[in-house]
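Have a look at the structure below before the remarks.
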Amino acid sequence: MSVGLQALIGNTFTNGNREQLDASVFEGKDFVGLFFCDWSPGCRKVMKKLIDVYKGNPQLAVLMATRSRDEQEFWSGLLDVPWVAIPHSAHEHISFLANRFHVENFSTPTLILLDKKGNVLNNGKNALSGRTANEPDEAPEAPPPPPPKHKFPSGHPDATQLQALEWELWLQVKSHLTTPDLVLWCDSDTLRRYLMATAFDTQLATQRLLQTASWRMAFQPQNIPPQLVQAQLQHGKIYSAGQDKRGRTLMYVRLRLDTEDNATPVQKVQLLCFLLENALWEMKKAGHSSLIWLGGCAGFPMS
């Protein structure tokens, strides 16, 4: 590989097997596709098409630069693709490449083609759309129309119908997700939860999801540090109690201790949000959508 290409893309990569790789993986390739994306439904849809192109072109290598919420999301997503990626921890290098190619929104999948000398082909335009990375896309392809509400034969949409509903919901909310944290939060699992909670009414799901996004912008639950709730955690009034036999996350509340706590209402909300943020990721890792609450009433006045 040429010095110019290596200087641009770096020399530290990985794959779905968590192997540490260097630039030698690109030896013998005529083209390198630098693929900017995240794990939103739109990006995953494009990934499926790009995999077919990749497998049909042995002279094409793909290097993925992605914005992931955490290591777990990064490694889980990487299992679904056959190419290599810049490590999740290389934030500065990913930002450098995004700035170099004017990629502002990782939720809009962007493919920049490079030759083996590191020269940028197609004038730096997004090979997926023919426009520059920061140029607005044309109207997205309309998703399949969702089935009428409450008209699913089994009472619940099948996998194809659910994917169409997720895509429709994503199109409604994506322009309102103005920070990377909100984009990462609004993944496929989140979209599905809001659809299920509203009986698959995408209009109502959009309204509720945007209300939550507005609250998250103001309260920043994902940025609550453990030190802020450490005293309450040590008090033991509420904590994560591992998982039940089905792998579902357990939350245990000792009601008596909550009445004895001197924490302010805001501090109590901060503790609850801190625990729920972590519990949601435990649920995701375990592949569950249910959270079990257990309440210990010993010593709690019932009158």
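The values are calculated or read from the model by the stated rules, or taken from the named source; none is laboratory data. Keep in mind that what you see is a predicted model, and the values were worked out from it rather than measured. No Cβ is skipped: glycine too gets one built from the backbone with ideal geometry, and neighbour counts run over all protein chains shown. Side chains are part of the model used for accessible areas, which takes the heavy atoms of the whole protein and leaves out ligands, DNA and RNA. Shrake-Rupley method; radii C 1.70, N 1.55, O 1.52, S 1.80 Å.
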I want to check the label-to-label distance for residue 203 and residue 269. Put each point 7 Å from Cα in the C-beta direction and report it in nm to one decimal.
3.0 nm
Cα-centre dipole for the range 51-107 with unit charges at Cβ (Lys and Arg positive, Asp and Glu negative), debye to 20:
180 debye
Run the numbers for residue 281 and residue 117: contour at 0.36 nm per residue of separation, minus the present Cα-Cα distance, in nm.
54.9 nm
Flagged links, alpha-carbon separation over 23 Å, of 29/55; 49/117; 174/268; 29/49; 48/117
49/117; 174/268; 48/117
With a 1.4 Å probe and all protein chains kept in place, how much accessible area does residue 64 have, in Å² rounded to the nearest 10?
0 Å²
With a Förster radius of 22 Å, plug the Cβ-Cβ distance of residue 89 and residue 6 into 1/(1 + (r/R0)^6) and report the FRET value to the nearest 0.05.
0.70
